[in-house]
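The values are calculated or read from the model by the stated rules, or taken from the named source; none is laboratory data. Bear in mind that the values here come from a model prediction, so they are computed numbers and not experimental data. Neighbour counts run over all protein chains shown; Cβ positions are idealised from the backbone, glycine included.
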Amino acid sequence: MRVGVIADVHANLVALRAVFEDMPAVDAVICAGDVVGYNPWPGACVEALRERGIGTVMGNHDRAVVTGTGFAGNRMADAGVRHAQEVLDDDLTWLRGLPNVRHCFDDRVKVVHGHPEDPDRYTYPALFSERLLDAEDVLVMGHTHVQAHETFDGRVVMNPGSVGQPRDGDPRAAYAVVDLAGPTVEERRVDYDVSAVVTAIEEAGLPEETGSRLRKGR
């Protein structure tokens, strides 16, 4: 079974479409959270995942939107949450129903946003270890926006990277394909029209830095 794995879409519809167009044939797609936040298209990105029946967990930006909170110490993050709160309607119900953890494919894959014990904890590649694994063959995490994976005695800890706001120095949209027959992981990147997103960010009245960081993958 081949599974497409995405995370941290962050309302970047242009990047999400590029990922879907680039993704090879898979049997299912899963998402490690943060569908919304930062960028201008929260509703369209939610709809794209809903239409495809993509199993998704709740990210910290998704939670901030549905709980009516924000990020007082981060102007870009706070503006993205406020924008989503203003434009979303029925999609809020879908976001509100997202779990913190998903067990998929006969419990072979566990999906969380930040860390198995704390959805808001950043788990960078240097912290990947066998101790993160429970009974699953593949643990999927997001949150850091850094693409990486490690294999421990035939089991995988991974982060597919960020679709909509990479932070590993590569501005291309990131995702992964997992073959559960291994399991093995293919990390993938795809170019998208960053300039179009920057223009849309400006038109939506979001902070200029939200667009400029996309050009650098930071």
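Numbers for the structure displayed
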read-out: Selection within the range 185-205 - more than 20 Å from the chain's Cα centre (by Cα) and not small (Gly, Ala, Ser); value: Thr199, Glu202, Glu203
read-out: Positions within the range 78-114 being under 29 Å from Val178 (Cα atoms) and charged (D, E, K, R), in sequence order; value: Asp91, Arg96, Arg102, Asp106, Asp107, Arg108, Lys110
read-out: Filter pass, Tyr175 being within 14 Å of the chain's Cα centre (by Cα) and among the aromatic types (Phe, Trp, Tyr); value: yes
read-out: Selected residue [modelled with pLDDT of 95 or more, under 16 Å from the mean Cα position of the chain (by Cα) and basic (Lys, Arg)] from Arg155, Arg102, Arg131; value: Arg102
read-out: Residues of the range 83-126 that turn out to be within 22 Å of Glu47 (Cβ to Cβ), of a type outside the set (Val, Ile, Thr) and surrounded by fewer than 15 Cβ atoms within 10 Å (Cβ to Cβ), as a count; value: 6
read-out: Test: residue in the range 70-79 that is surrounded by fewer than 22 Cβ atoms within 10 Å (Cβ to Cβ) and of a type in the set (Phe, Trp, Tyr); value: yes
read-out: Tally of residues being out of contact with any helix residue (DSSP H, G or I) (no Cβ under 8 Å at 6 or more places or on another chain) and either over 16 Å from Asp91 (Cα atoms) or at pLDDT below 95 (or both) across the range 18-49; value: 13
read-out: Tabulated pairs, the range 161-172, first under 19 Å from Trp41 (Cα atoms) and at pLDDT 95 or above, second crowded, with 18+ Cβ neighbours inside 10 Å and aromatic (Phe, Trp, Tyr), C-beta under 8 angstrom, 6+ apart or interchain; value: Val163/Tyr175; Gly164/Tyr38; Gln165/Tyr38; Arg172/Tyr192
read-out: Residue that is surrounded by the most Cβ atoms within 10 Å (Cβ to Cβ), among those in the range 185-218 that are over 20 Å from Asn159 (Cα atoms) and in contact with an Asp or Glu (Cβ under 8 Å, 6 or more places away or on another chain); value: Ile201
read-out: Residue in the range 86-99 that is among the polar types (S, T, N, Q), within 12 Å of Gly37 (Cα to Cα) and without any contact (Cβ under 8 Å) to a residue 40 or more places away in the chain present; value: no
